[in-house]
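These notes are about the structure you will find just below.
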Amino acid sequence: MSVGVFYGTCSGITGNVAHKIAEAFEADEVVNMEEDFDSTDQLLAHDILFLGSSTWGQGDVQRDWVDPLLEIGDDELDFSGKTVAFFGAGDAKTHGEHFVSALGKMYDVFTERGASVVGFFPTEGYNFEASLAMKNAMFCGLPIDEVNEPEKTQARVEAWIAKVKEEIGE
Ligand SMILES: Cc1cc2nc3c(=O)[nH]c(=O)nc-3n(C[C@H](O)[C@H](O)[C@H](O)COP(=O)(O)O)c2cc1C
C-alpha cells in the first residue's frame, strides 16, 4: 500500500501536522502543494492519501489546492478504491462560521470521484458556529486550531492518527 501526504499551508501550521502524519504512516511521498505538486498523477499514484488544507477567505481551500481540485472534477479522475483522510488548520473564534470548511470542500470533490473516507472526528471540545466539514454530525477529518487552542493540537493529532490506524487496519 502506497501512502501519500499532500498539504497546502500558508504559515506552516497544516504543514507541521502533515509531517507528523507522514512519520506516523511512513509515507512514501510528502507533497507541499506549493512547491512539489506538478500533476494529479501524483495523487493517483497512491492507495492511501492524507490530504491537508488550511481554510482561507470565507471557508475556502488553501490557494494551492484550488486548481488541482478543479482539475480532479473537470477531468473526472477516478479515485474509487482509494482511501483518503483529511486534515487542516483553521480558526474557530474569528472564522467560526466557516471553521475548517476546506476539509468539507475537499471531501465533496474526492467522494464525488469515488474515494472512501476514513478519519472522521468528533466535534466535542471544539467551539465553532458552522462548518462545511460537518458530515453526519462529525468532522470529515482532523481540525487543528493553533490560533486559539495550540495546547490541544498534539493530543488531537495523536487521537486522530490512532483512529485512522485502526480504520485502515494498521
Ligand atoms: C484572511 C484570513 C481568512 C481566514 N479564513 C478562515 C476560515 O474561513 N475558516 C477557518 O477555519 N480559518 C480561517 N482562517 C484561519 C487560518 O486557517 C489559520 O490561521 C490557520 O492556522 C492557517 O494555517 P496554515 O499555516 O496551515 O495555512 C483565516 C485566516 C485569515 C488570515
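Here, each number is a calculation from the coordinates, and none is a lab measurement. The structure displayed is predicted, hence computed values, not measured ones. Note that we place each Cβ from the backbone using ideal geometry, even for glycine, and neighbour counts take in every protein chain shown.
Before moving on, here are some points about what is shown:
- Amide H within-cut-off set for L142, under 5 Å, with H built and near neighbours excluded: F86, F87, G88
- Loop-resident GluC sites (Glu not before Pro) (DSSP state other than H, G, I, E or B) in region 67-131 with no more than 13 further Cβ atoms inside 10 Å of their Cβ: E76, E97, E124, E129.
- Pairwise centroid distance, computed over Cα atoms, of region 65-91 with region 101-153, Å: 14 Å
- Descending by average beta-carbon neighbour count within 10 Å, the peptides 82-92, 40-50 line up as 82-92, 40-50, the highest first.
- Couplings 3J(HN,Hα) of region 5-10, computed from phi: 10, 10, 9, x, 8, 9 Hz, in residue order, whole Hz [Karplus 6.51 cos²θ - 1.76 cosθ + 1.60, θ = phi - 60°; x for Gly and Pro].
- Solvent-free Debye calculation, one equal scatterer per alpha-carbon of the chain: log10 I(q)/I(0) at 0.18, 0.19, 0.20 Å⁻¹ equals -1.11, -1.25, -1.41.
- Other-chain or far-sequence residues with amide H under 5 Å of V31's (modelled H): V5, F6, Y7
- Amide H contacts of K82 (H built 1.01 Å from N, under 5 Å, at least 5 apart or other chain): S116
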